[in-house]
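> First the structure, then my questions, so here it is.
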Amino acid sequence: MQKMLAGNPVIPVITLDQVEDAVPLAEALVAGGLKVLEVTLRTEAAVEGIRQIIKHVPEAIVGTGTVCSEEQIKLSEDLGCQFMISPGATDNLLAIGSKSSVPFLPGISTVSELMRGMEYGLENFKFFPAEAAGGAPVMKAMAGPFPNIKFCPTGGIGLGNALDYLTLPNVMCVGGSWIAKPKDIREKRWAEIEQLAREAAAIV
Ligand code: 3PG
């Protein structure tokens, strides 16, 4: 996961309502400089949208988001996703995800949740909901006892605060929906999304 993210520290979190939007959206994001794309499994269009992006936008590195079940882990593997991200970390997901050939990023927001994930041999975690759970100071505090753990904070992050996280040694990337907002996707605002991607790519 860390290798994949090298040079790609901002991940747009995408919620797709229509399959037809998947390819032009991914093209806009890639053109703006963001290659690592998280497509949430929250909508019906997500699965076919992921298939289309993988097929037609080969430069994109596509993963699933909002992975909440064993079936969705299996689905992510079958789709050929390159990573999968969960907002949480149940024992069931940790057991299956930690053994998958696809990098799995469970979500944590407390030290004990983190330690439970570490018991499964995991070293990379989503920090969610980042801002509501205490933000960059929490990440900073966790670097002391857990120097080998790397995080991808998500939740409430935007252009204004991304750098607060990205300057920390234990933050490998940040994720957020601010680049490809569901409304902008629905309205097919590809040029604006590309511009937001360009700004996000220029943060670091
Ligand atoms: C999510 O899974 O929705 C992400 O955490 C995005 O959070 P955001 O909408 O606050 O960027």
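The values are calculated or read from the model by the stated rules, or taken from the named source; none is laboratory data. Values in this document were obtained by computation on a predicted structure and should not be read as measured data. Every residue, glycine as well, gets a Cβ built from its backbone with ideal geometry; the counts of neighbours run over all protein chains shown. Ligands, DNA and RNA are stripped out before the accessible areas are found, and what is left, the full protein with its side chains, is counted by its heavy atoms. Shrake-Rupley method; radii C 1.70, N 1.55, O 1.52, S 1.80 Å.
> Return a yes/no flag: does the stretch 113-130 have any residue that is closer than 24 Å to Thr64 by Cβ, loosely packed, with under 15 Cβ neighbours inside 10 Å and more than 18 Å from the chain's Cα centre (by Cα).
To start, the set of residues in the stretch 113-130 that are closer than 24 Å to Thr64 by Cβ comprises 113-114, 116-130.
If we keep only those that are loosely packed, with under 15 Cβ neighbours inside 10 Å as well, we get 119, 121, 123.
Of the ones still in play, those that are also more than 18 Å from the chain's Cα centre (by Cα) are 119, 121.
Yes.
> Every residue in the stretch 148-199 that is over 16 Å from the mean Cα position of the chain (by Cα), within 12 Å of the ligand (Cβ to nearest atom) and on the phi > 0 side of the Ramachandran plot, please.
Passing the criteria: none in range.
> Applying the selection to the stretch 60-116, what residues are within 16 Å of the ligand (Cβ to nearest atom), among the aliphatic types (A, V, I, L, M) and touching a Ser or Thr at 6+ places or on another chain (Cβ under 8 Å)?
Val67, Met84, Ile85, Leu93, Leu105
> So, one more: Looking at this structure, is Glu119 within 16 Å of the ligand (Cβ to nearest atom) and at pLDDT 95 or above? Please lay out each step first, then the result.
Values: within 16 Å of the ligand (Cβ to nearest atom): no; at pLDDT 95 or above: yes.
For Glu119, the condition - within 16 Å of the ligand (Cβ to nearest atom) and at pLDDT 95 or above - is not met.
> Can I ask one more? Away from the ligand (no atom under 16 Å from the Cβ) and surrounded by 16 or more Cβ atoms within 10 Å (Cβ to Cβ): is that true of Ile54 in this structure? Spell out how you get there, then give the answer.
On the way: away from the ligand (no atom under 16 Å from the Cβ): yes; surrounded by 16 or more Cβ atoms within 10 Å (Cβ to Cβ): yes.
Yes; evaluated as a whole, the condition is true for this residue.
> What about Val47, is it touching a residue at least 24 places away in the same chain (Cβ under 8 Å), farther than 21 Å from Leu122 by Cα and open to solvent by 40 Å² or more (accessible area, probe 1.4 Å)?
Values: touching a residue at least 24 places away in the same chain (Cβ under 8 Å): yes; farther than 21 Å from Leu122 by Cα: yes; open to solvent by 40 Å² or more (accessible area, probe 1.4 Å): no.
So Val47 does not fit the description; no.
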